[in-house]
Amino acid sequence: MPDTQKKFYLTTPIYYVNARPHIGHAYTTIAADVIARRQRLLLGTENVWFLTGTDEHGQKIQRSAEAAGIPPQRFTDEVSEQFRSLWQRMGITYNDYIRTTEPRHTQGVQKLFSELYSRGHIYLDTYTGQYSVGEEMFVDGPPGTIGPDGKPTETVTEENFYFRLSAYQTQLIDLIESGEFCIEPEARRNEVLSFLRGDVTRALLDQKEAELINSTLDEDFGSDLANAVVPTIAHSAKGTPYVPGALKDLSISRSSFDWGIPVPEPAASTTQKKHVVYVWLDALTNYMTAIGYGSDDPAQQAQFEKFWPADIHLVGKEIIRFHCVYWPAFLLAAGLPLPKKVQAHGWLLFEESKMSKSRGNIVRTETILDAFGSLLIPTPVSSRPKAQSAAAEGSASPEPPLLPTKHEQDLFGSDVLRYFLLREIPFGQDGSFSFDALYDRYNADLTNGYGNLVSRTLAMIEKYFDGIIPHHRDWDTQPVFLKKSTEFDGGEFRVPNTQLAADAFATKTFYELAFQKNRFSLPSNSSLHEAALAGVTDSVMFLVARTDAYIAENAPWKLAKDPSQREALGDVLYNAAESIRTITALFYPILPYSTAKVWEQLGLGDIEAAAKSDQLHDLAWGGLKPGTKLGPLGPIFPRADKGLIQIMTDAEQNPVPPTPSKFVDEKTTHTTPAPSDPTHPGAAPRTSILPHHDPASQVGASSAPVPDLARPPAPHTEAPASGIFAGSAASGTQQIAIDDFIKIDLRVAKVLVAERIPKADKLLRLEVDLGYEKRQILSGIAQWYAPEDLIGRRIIIVANLAPRKMRGLESHGMLLAASHGEDGKPILATFAESEEIELGSRLK
Ligand code: MSP
């Protein structure tokens, strides 16, 4: 049962709206979504709160809006919406989306400022210093200093409100050293501590030097001259040295621009100038204002009581100081509890450097969603996960297979990216992104690994047991000893005496520990016994590999040949299916769309319902009931073609067409009509990387649920009389790019039924088997082919042609044929050794 006593509150950074989202942003959001989904299984949906949003104030945003020549509010509205709609495309299950320009946020920020002011933690002063606009922070150094964003700082003299940050040096060091305020990974914790401690080595040297000078002067000239200042070094509660005063007070207002939250009364009246709250104090407060801090509504106040403090702030490593020094100091000063943990992750690098808009080396998430989404092939209505096929339920005809909707394609592409980012990049460290690696990982782990395991196991159950999960013989239990360590309690557990059950138990234990401990990155001295998010995908893939090995060792196809081995065959296939159930439940937070499909194929119904009733959490071996009828089968991870790498590369390199939006790039002049930078907020949102938007000719270009018989007919070269694909090879034919070709889904099918249609002497009605589904095609070849000549033949069909009606009958697909002679006699394309070719194989 979910633990209703507990709650879990998780946040992402709120993203700046001066650039369109890229996969760097998606990385944090995906990791948060995985954690939130897992926590919902453990604690129940009502006890988990996952917050994301956008950071919309500050000089940087104001300048971007000015450069675009539009009011900042409209500018931020547009870009914030791009983030939000991307998260929706990707199926991100955030509970709330906060924007710092919302009134609820303004109210909460002003409340916090007033609280700090009334408690005496804020004072007014004038300061001249170097300001980095890109990073929105003051930095030490002379004029012309290069800021953390790589650009020269600006000299700013301003009267500002200051926060007495220096007062929190010792307390922060103690809280971090004791672990009460947790920062992970360890490298980031050390970075924060050394910032807080100041330059201790230098202070020690200075101390030695001053002592030496003083003792020399003392000896030679008497104690009057021995007055060199000896720097003080203090010690934390844990006894580590630090330099008192190393932490300086922080400017928390700006008065040279006005795009921000006004400093509230009574502080505002103490100065002539209009001040706005410093953008980082403004932004960090979102974590509280979104759950009701500052609200007058009792329901909102109760929400704040329930969820604050946050359990995890998930952040990229570059904003660790804001979250681990400034933010806890503000909270301590206001008398509020600190977040339990700040978890940092590393950067996604592209071509060796951090992916960022200013470097121009970003990859857009949409590119990946579009490319991998296009791999989805039509699935029968009944084999779609319910959650994703609501629209299809109202369909008048349940029979015809459906083209995937655009949303399904997006969710599938999102699964691929989720898996890749978590599997490829050890959480907490930097990691390189490349399309090659994405493609390799997809084919190796998802298609050949998990996908292949599912399809061959279920196909054998279909074949040998008519699609019913077989009975297994009783098993004995055997003890499993977990090594006692700081991670595991150790002790004895009893699991069924098959190796596979023991492997599943080990995987499950490791995985659960990682989430239970909220440990997402491994400490530097980690051992294999320690669990972390960094390793959960590996651990589940380990079980995939063990299950593959189990099948290979037990060779069910051999057992099937010997009737006396029927029970043994049942045992093997039961165990394999049970292992797949465990794998699928564990993969659910990472691959929510694909696991929903596998769950249905296992005959277990809707995975979301299973999630709500603890079935994805309580995974004792044997939970799969013998006698369960498998759902309709079909491929889960269709094989990707190498051409996909090129398609994605091209999509990133080719500028998008100009857009009527008035946005211009910050770096360009006001007269530039439209950006060609695809990352720019003004660039056209690219919903598809495929150049022509012909909904009928392109798999899943439609955002409408299918089947959609009202779709415009495909503009293909179908000969009206024959109804077959009469591809012209004539010279002068327009050339197409590989991505045009890839749109055509050519597949091997077998003719099961062929018959004439009354009163339609040119048409034959065929029923063909694509391996993953059967469908009806009408073809105008009756003049040339007798029905009996076609039955059993393996032919090639255009599988992703939108269904259409002919003579009141639906035809879904076209046969591929060469047009021969003057009368254009169609010669059906076929293979010489056609028996060898698997049905449904794609032609490339
Ligand atoms: N607005 C601030 C955060 C305020 S939180 C109170 C900000 N915004 S940002 O748009 O620059 O987003 C930064 C965050 O986006 C990073 O901390 C990280 O979570 C994510 N990433 C942006 N680019 C990234 C990479 N190249 N790699 C990994 N994560 C990246 O800072």
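Here are a few things to note about the model shown:
- Among the residues of segment 47-97, the ones that are closer than 23 Å to Tyr9 by Cβ and either aromatic (Phe, Trp, Tyr) or at pLDDT below 95 (or both) come to 6 in all.
- Scanning segment 314-351 for residues that are in a strand (DSSP E or B) and within 10 Å of the ligand (Cβ to nearest atom) gives Leu314, Val315, Gly316, Ala344, His345, Leu348, Leu349, Phe350.
- Residues in segment 122-150 that are open to solvent by less than 40 Å² (accessible area, probe 1.4 Å) and closer than 16 Å to Leu284 by Cβ: Ile122, Glu136, Met137.
- Filtered by the rule that a residue be among the hydrophobic types (A, V, I, L, M, F, W, C), surrounded by fewer than 21 Cβ atoms within 10 Å (Cβ to Cβ) and farther than 19 Å from Leu376 by Cα, segment 434-459 gives Ala437, Ala459.
- None of Pro673, Pro685, Pro638, Pro655 is at pLDDT 90 or above and either touching a strand residue (DSSP E or B) at 6+ places or on another chain (Cβ under 6 Å) or not small (Gly, Ala, Ser) (or both) except Pro638.
Residue by residue, here is whether (1) at negative phi; (2) under 37 Å from the mean Cα position of the chain (by Cα); (3) modelled with pLDDT of 95 or more holds:
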{"residue": "Tyr242", "(1), (2), (3)": "yes, no, yes"}
{"residue": "Gly245", "(1), (2), (3)": "no, no, no"}
{"residue": "Asp297", "(1), (2), (3)": "yes, yes, yes"}
{"residue": "Gln301", "(1), (2), (3)": "yes, yes, yes"}
{"residue": "Gly316", "(1), (2), (3)": "yes, yes, yes"}
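- Checking Tyr27, Tyr16 one by one, the residue that is without any contact (Cβ under 8 Å) to a residue 60 or more places away in the chain, within 14 Å of the ligand (Cβ to nearest atom) and on the phi < 0 side of the Ramachandran plot is Tyr16 and no other.
- Residue check, Ile320 open to solvent by less than 10 Å² (accessible area, probe 1.4 Å), in contact with a Leu (Cβ under 9 Å, 6 or more places away or on another chain) and not acidic (Asp, Glu): no
- Test set (1) at pLDDT 95 or above; (2) aromatic (Phe, Trp, Tyr); (3) assigned to a loop (DSSP other than H, G, I, E, B) - Phe663 fails condition number: (1)
- Ala310 within 9 Å of the ligand (Cβ to nearest atom) and either more than 16 Å from Phe181 (Cβ to Cβ) or assigned to a loop (DSSP other than H, G, I, E, B) (or both): no
- Arg99 being away from the ligand (no atom under 11 Å from the Cβ) and either over 26 Å from Ile320 (Cβ atoms) or open to solvent by less than 20 Å² (accessible area, probe 1.4 Å) (or both): no
- Annotation: of all residues in segment 355-364 being crowded, with 18+ Cβ neighbours inside 10 Å and within 12 Å of the ligand (Cβ to nearest atom), the one that is farthest from Lys151 (Cα to Cα) is Val363.
- Considering only residues in segment 266-294 that are surrounded by fewer than 18 Cβ atoms within 10 Å (Cβ to Cβ) and touching a residue at least 12 places away in the same chain (Cβ under 8 Å), the one that is nearest to the ligand (Cβ to nearest atom) turns out to be Lys274.
- Count of segment 807-824 residues, restricted to those that are within 24 Å of Tyr772 (Cβ to Cβ) and open to solvent by 20 Å² or more (accessible area, probe 1.4 Å), is 3.
- Of all residues in segment 460-482 being assigned to a strand (DSSP E or B) and open to solvent by less than 40 Å² (accessible area, probe 1.4 Å), the one that is nearest to Thr628 (Cα to Cα): Val480
- Some residue of segment 55-74 being hydrophobic (A, V, I, L, M, F, W, C), surrounded by 21 or more Cβ atoms within 10 Å (Cβ to Cβ), away from the ligand (no atom under 13 Å from the Cβ) and farther than 25 Å from His617 by Cβ: yes
- Selected residue (criterion: surrounded by the fewest Cβ atoms within 10 Å (Cβ to Cβ)) from residues of segment 772-788 that are of a type in the set (D, E, K, R) and in contact (Cβ under 8 Å) with a residue 24 or more places away in the chain: Glu788
- Residues that are free of Cβ contacts under 8 Å to residues at least 60 places away in the same chain, farther than 20 Å from Lys743 by Cα and open to solvent by 70 Å² or more (accessible area, probe 1.4 Å) do not occur anywhere in segment 795-805.
Residue-wise test of (1) part of a strand (DSSP E or B); (2) surrounded by 16 or more Cβ atoms within 10 Å (Cβ to Cβ).
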site	(1), (2)
Thr155	yes, no
Glu158	yes, yes
Phe161	yes, yes
Tyr168	no, yes
Arg202	no, no
Leu205	no, no
Leu212	no, no
Thr216	no, no
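- Contact annotation: residue pairs with Cβ atoms under 7 Å, 6 or more positions apart or on different chains, pairing a residue in segment 159-172 that is modelled with pLDDT of 95 or more with a partner that is of a type in the set (D, E, K, R), are Tyr162/Asp125; Tyr162/Asp249; Phe163/Asp249; Arg164/Asp249; Leu165/Lys248; Leu165/Asp249; Ser166/Lys248; Ser166/Asp249.
- Residue within segment 35-51 that is in a helix (DSSP H, G or I), near the ligand (Cβ under 10 Å from one of its atoms), touching a residue at least 12 places away in the same chain (Cβ under 8 Å) and not polar (S, T, N, Q) present: no
- Some residue of segment 77-86 being free of Cβ contacts under 8 Å to residues at least 24 places away in the same chain, farther than 24 Å from Lys354 by Cα, more than 26 Å from the chain's Cα centre (by Cα) and surrounded by fewer than 23 Cβ atoms within 10 Å (Cβ to Cβ): no
- Taking residues in segment 307-324 that are touching a residue at least 60 places away in the same chain (Cβ under 8 Å), and partners anywhere that are of a type in the set (Ser, Thr, Tyr), the pairs with Cβ atoms closer than 6 Å and at least 6 places apart or on different chains are Phe307/Tyr9; Ala310/Tyr9; Ala310/Thr11; Ala310/Tyr287; Asp311/Tyr9; His313/Thr11; Leu314/Thr12; Leu314/Thr28.
The values are calculated or read from the model by the stated rules, or taken from the named source; none is laboratory data. Model, not experiment: these values are computed from the prediction. Don't worry about glycine lacking a Cβ; one is built from the backbone with ideal geometry, like all the others, and counts go over all protein chains shown. Calculation scope for accessible area: heavy atoms of the full protein, side chains included, ligands and nucleic acids excluded. Shrake-Rupley method; radii C 1.70, N 1.55, O 1.52, S 1.80 Å.
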